[in-house]
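In what follows, a structure is listed as structure tokens, so that the remarks can point back to it.
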Amino acid sequence: MAKETADRGDSNQITREYFDSILLEARYWDSDLPSTKMELYGETFDTPIMTAALSHLHKICPDAMAEFGRGAKDAGAVHWVGMGEDEELEDILATGAKTVKIIKPHLDDGTVFHKIEHAVSHGAFAVGMDIDHCFGGNGGYDNVCGLPMHSKTAAQLKDYVQAAGVPFIVKGVLSPKDAEKCVEAGVKGLLVSHHHGIMRYAVPPLMILPDIIKAVGKTVPIFVDCGIESGMDVFKALALGADAVCVGRNLMDPLKEGKTGVTNRINEMTRELMSVMARTGAKSLAEIDSSVLHFRRF
């Protein structure tokens with residue numbers, strides 16, 4: 001028997017195929033060059049393209065974690081950051097980038113509360129939790145870089161939200177039920193994500209996004225990540241109801257050039273987004289219309 005060349009359970013490939021199954025119609029009359037300005041938590045940004053909550057980028061370029069933030073700031077974008085030492089976060093926040101600090105679901109709740117307090121006291125724009133790292137792939141709880149993780153309850157989530165005092169975002173939402181629990185707990189943002197295929201056969205974020213919006217409405221900003229490679233991908237996410245997107249791996253190679261590479265790639269993707277918006281009659285992010293989307297059989 002011939003060996004299969006594709007892994008049918010690869011969530012990243014499934015996600016890519018779903019992106020590519022979405023087609024667009026063009027609307028030229030009464031269109032014009034658009035604005036990609038975005039308002040979030042009282043601040044205005046130049047683009048809905050945000051960096052993803054990455055970690056451990058040290059080998060890519062000197063001072064890589066802070067350079068990632070500088071690149072986002074220079075592009076007028078929101079910056080997200082994942083796990084790391086307190087001193088590293090302080091260096092990132094010192095760049096002036098509007099930064100969302102995402103915290104792992106540590107077994108020790110004291111660690112979670114410390115990281116919330118530390119991030120907020122040093123000027124984080126928002127904080128949140130990477131809930132999809134509760135469990136590992138071996139039938140037990142996850143362990144990330146030697147740090148034990150654990151499942152969390154909706155009651156604990158309420159405590160995290162209250163402790164933050166700034167917008168609290170949950171990363172790894174991939175069902176309407178989880179979205180409802182987040183909103184009930186007072187969460188101020190949802191990141192729809194399968195964490196680059198942390199679970200096989202995961203539903204593509206764009207496929208579940210409309211169901212999540214139907215469940216919770218637009219009561220909080222809803223973001224999307226996983227596999228976003230172009231301004232066209234960004235447009236499709238926004239057209240399906242996302243308020244903004246996170247881009248990670250597509251910025252890692254540009255990061256080899258430091259902040260300039262990150263800024264240039266975000267700007268390039270934003271210009272791609274502007275082109276699609278202009279060709280579909282959207283003069284602002286609010287005018288992006290889902291009715292321009294058409295779906296091939298997936």
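The values are calculated or read from the model by the stated rules, or taken from the named source; none is laboratory data. Not measured: the values here are computed from a predicted model. Heads up, the Cβs are rebuilt from the backbone with ideal geometry, glycines too, and the neighbour counts pull from every protein chain shown. Remember, those area values only see protein heavy atoms, side chains included, never the ligands or the DNA or RNA. Shrake-Rupley method; radii C 1.70, N 1.55, O 1.52, S 1.80 Å.
What number of residues in segment 62-103 are more than 20 Å from His122 (Cβ to Cβ), open to solvent by 10 Å² or more (accessible area, probe 1.4 Å) and not acidic (Asp, Glu)?
Residues meeting the conditions: 2.
Within segment 211-298, considering only helices (runs of 4 or more DSSP H) that don't extend past its boundaries, which have at least 2 residues that are basic (Lys, Arg)? Show your work before the answer.
Numbers: elements: 231-239, 249-252, 259-279.
Result: 259-279.
Go through segment 24-62 residue by residue and tally those that are of a type outside the set (S, T, N, Q), over 26 Å from Arg249 (Cβ atoms) and in contact with a Gly (Cβ under 6 Å, 6 or more places away or on another chain).
The total comes to 1.
Do you know which residues across segment 63-94 are assigned to a loop (DSSP other than H, G, I, E, B), within 19 Å of Lys104 (Cα to Cα) and of a type in the set (Val, Ile, Thr)? Please lay out each step first, then the result.
First, the residues of segment 63-94 that are assigned to a loop (DSSP other than H, G, I, E, B): 63, 75-78, 82-85, 94.
From the residues that got through so far, the ones that are within 19 Å of Lys104 (Cα to Cα) too are 82-85.
Selection gives nothing.
Give me the residue from segment 8-62 that is farther than 15 Å from Val276 by Cα, of a type in the set (A, V, I, L, M) and part of a loop (DSSP other than H, G, I, E, B) and, out of that set, farthest from the chain's Cα centre (by Cα).
The selected residue is Ile60.
List every residue pair whose Cβ atoms lie under 9 Å apart, where the two residues are 6 or more positions apart in sequence or sit on different chains, the first residue falls within segment 7-31 and is under 19 Å from Asp225 (Cα atoms), and the second residue, located anywhere, is in a helix (DSSP H, G or I) and of a type in the set (Gly, Ala, Ser).
Going by the 9 Å Cβ cut-off, the qualifying pairs are Phe19/Ala237; Ile22/Ala239.
Considering (1) in contact (Cβ under 8 Å) with a residue 24 or more places away in the chain; (2) closer than 25 Å to Ala155 by Cα; (3) out of contact with any strand residue (DSSP E or B) (no Cβ under 9 Å at 6 or more places or on another chain), say which one His114 fails and leave the rest.
It is condition (1) that His114 fails.
Filter segment 117-158 down to residues that are polar (S, T, N, Q) and either without any contact (Cβ under 8 Å) to a residue 24 or more places away in the chain or assigned to a helix (DSSP H, G or I) (or both) and give me whichever is most open to solvent (accessible area, probe 1.4 Å). Before the answer, list the steps.
Just the residues of segment 117-158 that are polar (S, T, N, Q), to begin with: 121, 138, 143, 151, 153, 156.
Still in the running and either without any contact (Cβ under 8 Å) to a residue 24 or more places away in the chain or assigned to a helix (DSSP H, G or I) (or both): 121, 138, 143, 153, 156.
Working: Ser121: 70, Asn138: 129, Asn143: 90, Thr153: 75, Gln156: 47 Å².
Among residues in segment 117-158 that are polar (S, T, N, Q) and either without any contact (Cβ under 8 Å) to a residue 24 or more places away in the chain or assigned to a helix (DSSP H, G or I) (or both), the one most open to solvent (accessible area, probe 1.4 Å) is Asn138.
Collect the residues in segment 104-116 that are closer than 22 Å to Glu87 by Cβ, in a loop (DSSP other than H, G, I, E, B) and either of a type in the set (Ser, Thr, Tyr) or open to solvent by less than 30 Å² (accessible area, probe 1.4 Å) (or both), keeping them in residue-number order.
Of the residues in segment 104-116, the ones closer than 22 Å to Glu87 by Cβ are 104, 106, 108, 110-116.
Add one more test, that the residue is in a loop (DSSP other than H, G, I, E, B), and what stays is 104, 108.
Once the filter is applied, which keeps residues that are closer than 22 Å to Glu87 by Cβ, in a loop (DSSP other than H, G, I, E, B) and either of a type in the set (Ser, Thr, Tyr) or open to solvent by less than 30 Å² (accessible area, probe 1.4 Å) (or both), segment 104-116 yields only Lys104.
If you go through segment 174-195 one residue at a time, do you hit one that is of a type in the set (Val, Ile, Thr), closer than 24 Å to Asp243 by Cβ, in contact with a Phe, Trp or Tyr (Cβ under 8 Å, 6 or more places away or on another chain) and open to solvent by less than 40 Å² (accessible area, probe 1.4 Å)?
Taking segment 174-195 as the starting set, the residues that turn out to be of a type in the set (Val, Ile, Thr) are 183, 187, 192.
Filter once more, so that each one left must be closer than 24 Å to Asp243 by Cβ: 183, 187, 192.
Now narrow it down to the ones that are in contact with a Phe, Trp or Tyr (Cβ under 8 Å, 6 or more places away or on another chain): 187, 192.
Those still in the list that are open to solvent by less than 40 Å² (accessible area, probe 1.4 Å) too: 187, 192.
For segment 174-195, residues of a type in the set (Val, Ile, Thr), closer than 24 Å to Asp243 by Cβ, in contact with a Phe, Trp or Tyr (Cβ under 8 Å, 6 or more places away or on another chain) and open to solvent by less than 40 Å² (accessible area, probe 1.4 Å): present.
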